[in-house]
Amino acid sequence: MNLKQLSEILGLSQTTVSRALNGYPEVSEDTRTRVQAAAHKHGYRPNSRAKGLATGRSMVIGHVIPSSSQHEMVNPIFGDFVAGAVKKYSENGYDLMFTSADDTSIERAYRSLFQRGAVDGVVLQGPKVNEPRIEVLNRMGVPFIVHGRSTGVDVPYDWVDVNNKSSFLRATRFLIDLGHRRIALINGLEDMDFAQRRRDGYLEAFGQAGLSPDTNLMRSAEMTEVYGHHETQKMLCLDDPPTAILCSSMISAIGVRRALSENGLEMGADVSVIAHDDDLSYLKNGQDVPIFTATRSSVRQAGEIAADMLIKRIKAPDDPVKTRLLEAELVVGRSTGPAPNRLLS
């Protein structure tokens, strides 16, 4: 169905229908609602090229992947975020474009995208503790949104993030309340902002309980299944191995489970495990009763929220900076239980 056909069905001019679909303020809310309902019913989607010509926009959102982070493209967390974002892009007539940039030419890559009109805005994922991309885009004065935050960046910017520190503080306290004292942290790369915040939450929980964490039980690397397996195997060989393990990723938690099984240990009875990000489309945490106790946050929902915030920024570039902090839910599954022999020292 094209715009002319939809206009005839509604008994409205093509201009009115187009303005209603594109959010022009002079169209009444009743008319806008009626037009949107008809467009949905009849499967009408605006032609993004025509819309771009009319508005002077490309109607494209860019996701720029630094060359050092190409592995993100095969990470289900990255995929779920993009799936959520694409849903919101589609609803607003936007297309998605992936591109990559060498770490030494990030500013040139962004300037090229905007100067040639390839994108109307960009999404930054995986910010580091000191993220140079944020300052580059702020200096350029272009629309962007960050999935996450950067502790070392002082300039204002739009972001959406899960409360990583609070999530890991709560998860660690949960294990301490179960009697665990030998609690390991299998974290992500700690130059990444999310990983530093999770480590801070873990450490704060120990401090609040008047306990001292063992640095031999704190590990940091890229969050793969092999990493979770390898680090767990090494820690199980310690004279005083952990009775609980807190993982920054469901993916590395699966590696932890494999290592425990290979050593004849039962997860939840011999060693407790808590994972983060268990709400993934293609990596479900069991059915009725979760396999893992987990700090649950929907990455797909974060993608939708980020996309919506970015589209609003594109439409109103001078609006005040907006931020959104999401709280994770602690979901108790089969992977946690009291510390063996209720070890309290």
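The values are calculated or read from the model by the stated rules, or taken from the named source; none is laboratory data. This is a predicted model, so every value here is computed, not measured. Methodologically, a virtual Cβ is constructed for each residue, glycine included, from the backbone with ideal geometry; neighbour enumeration extends over all protein chains shown. Calculation scope for accessible area: heavy atoms of the full protein, side chains included, ligands and nucleic acids excluded. Shrake-Rupley method; radii C 1.70, N 1.55, O 1.52, S 1.80 Å.
Note down the magnitude of the dipole of segment 164-298 about its Cα centre, charges +1 on Lys and Arg C-beta and -1 on Asp and Glu C-beta and zero elsewhere, to the nearest 20 debye. Can you show the working numbers first?
Numbers: 14 positive and 19 negative charges, 46 e Å.
It comes to approximately 220 debye.
Quick check: residue separation of Q36 and S105 times 0.36 nm, minus the Cα distance between them. What number comes out in nm?
Extra length available between Q36 and S105 comes to 20.6 nm.
Counting alpha carbon pairs within less than 8 Å and at least 6 residues apart, what relative contact order, in whole percent, applies to the chain?
Taking the mean separation of contacting Cα pairs over the length of the chain, I get 18 percent.
At a Förster distance of 30 Å, what's the computed FRET efficiency of F98 paired with Q301, Cβ-Cβ distance as r, to 0.05?
My answer for the efficiency is 0.90.
Might you report the magnitude of the Cβ-based charge dipole of the chain about its Cα centre, with Lys and Arg at +1 and Asp and Glu at -1, to the nearest 20 debye?
1000 debye
Could you check how much of the accessible area of segment 164-298 is carbon and sulfur, as a whole percent, using a 1.4 Å probe?
47 percent
Tell me what the chain gives for mean residue ellipticity at 222 nm when only DSSP H runs of n ≥ 4 count, each as -39,500 (n - 2.57), the sum divided by the residue total, rounded to 500 deg cm²/dmol.
Calculated from helices alone, the mean residue ellipticity at 222 nm is -13000 deg cm²/dmol.
Using modelled amide H (1.01 Å from N, peptide plane; none on Pro or chain starts), what sits under 5 Å from the amide H of L124, excluding residues fewer than 5 places away?
Residues meeting the amide H criterion: I145, V146, H147.
Consider all pairwise Cα distances in the chain and report the whole-number % of them above 33 Å.
39 percent
Could you tell me the accessible area of E222 in Å² (1.4 Å probe, neighbours in place), rounded to the nearest ten?
Taking all protein chains as shown, E222 has close to 80 Å².
Compute the length gained on full extension between R324 and N22: take 0.36 nm times their separation in residues and subtract their Cα-Cα distance, giving the result in nm to one decimal.
Gain on stretching R324 to N22: 106.2 nm.
Assuming R0 = 45 Å, can you tell me the calculated FRET efficiency for the pair R334 and T151, based on Cβ-Cβ distance, to the nearest 0.05?
Numbers: r = 35 Å, r/R0 = 0.77.
That gives a FRET efficiency of 0.80.
Can you give the convex hull volume per residue for the Cα atoms of segment 102-183, as a whole number of Å³?
Hull volume over Cα atoms, normalised by residue count, gives 117 Å³.
How big is the shadow of the Cα convex hull of segment 164-298, averaged over all directions, in nm²? Present the calculation step by step, with values, prior to reporting the outcome.
Numbers: hull surface 31.1 nm².
Answer in nm², one decimal: 7.8.
Can you list the lysines whose alpha carbon is less than 17 Å from that of K128, not counting same-chain residues fewer than 8 positions off?
Here the lysines satisfying the reach criterion relative to K128 are K165.
Can you give the local net charge around R34? Use residues other than it whose beta-carbon is closer than 15 angstrom to its beta-carbon, Lys and Arg +1, Asp and Glu -1.
0
For K4, go through the lysines and keep the ones whose alpha-carbon is under 17 Å away, minus same-chain ones fewer than eight residues off.
The qualifying lysines are K41, K51.
Quick one: accessible area per residue over the chain, 1.4 Å probe, rounded to a whole number of Å²? The partial results should precede the final answer.
Working: 16370 Å² over 345 residues.
Accessible area per residue, the chain: 47 Å².
Could you tell me which residue out of G84, M140, P317 lies farthest along the dipole of the chain toward its positive end? Charges go on the beta carbon: Lys and Arg +1, Asp and Glu -1, centred on the Cα centre.
P317
What's the FRET efficiency of S212 with R116 using the Cβ-Cβ distance as r and R₀ = 51 Å, to the nearest 0.05?
0.40
Which ³J(HN,Hα) values, rounded to whole Hz and listed in residue order, are derived for segment 97-111 from phi using the Karplus coefficients 6.51, -1.76 and 1.60 in 6.51 cos²θ - 1.76 cosθ + 1.60 with θ = phi - 60°, glycine and proline given as x?
Per-residue couplings from phi come out as 10, 9, 8, 10, 9, 5, 4, 8, 9, 4, 4, 4, 5, 5, 4 Hz.
Looking only at R300, R108, R198, which one moves most when the chain is put into a Gaussian network model with springs between Cα atoms under 10 Å?
With Cα springs under 10 Å in the chain, the top fluctuation among R300, R108, R198 is at R108.
Provide the solvent-accessible area of R197, counting protein heavy atoms only and rolling a 1.4 Å probe, rounded to the nearest 10 Å².
50 Å²
For E231, what accessible surface area do you get with a 1.4 Å probe? Give it in Å², rounded to 10.
Number for this one is 20 Å².
Could you pull out every one of the aspartates and glutamates with an alpha carbon less than 15 Å from that of K312, ignoring same-chain neighbours closer than 8 positions?
Correct list for K312: E91, D120, D158, E304.
So how do 125-131, 326-332, 181-187 stack up, highest first, on mean other-Cβ count within 10 Å?
Descending packing order for the listed peptides: 181-187, 125-131, 326-332.
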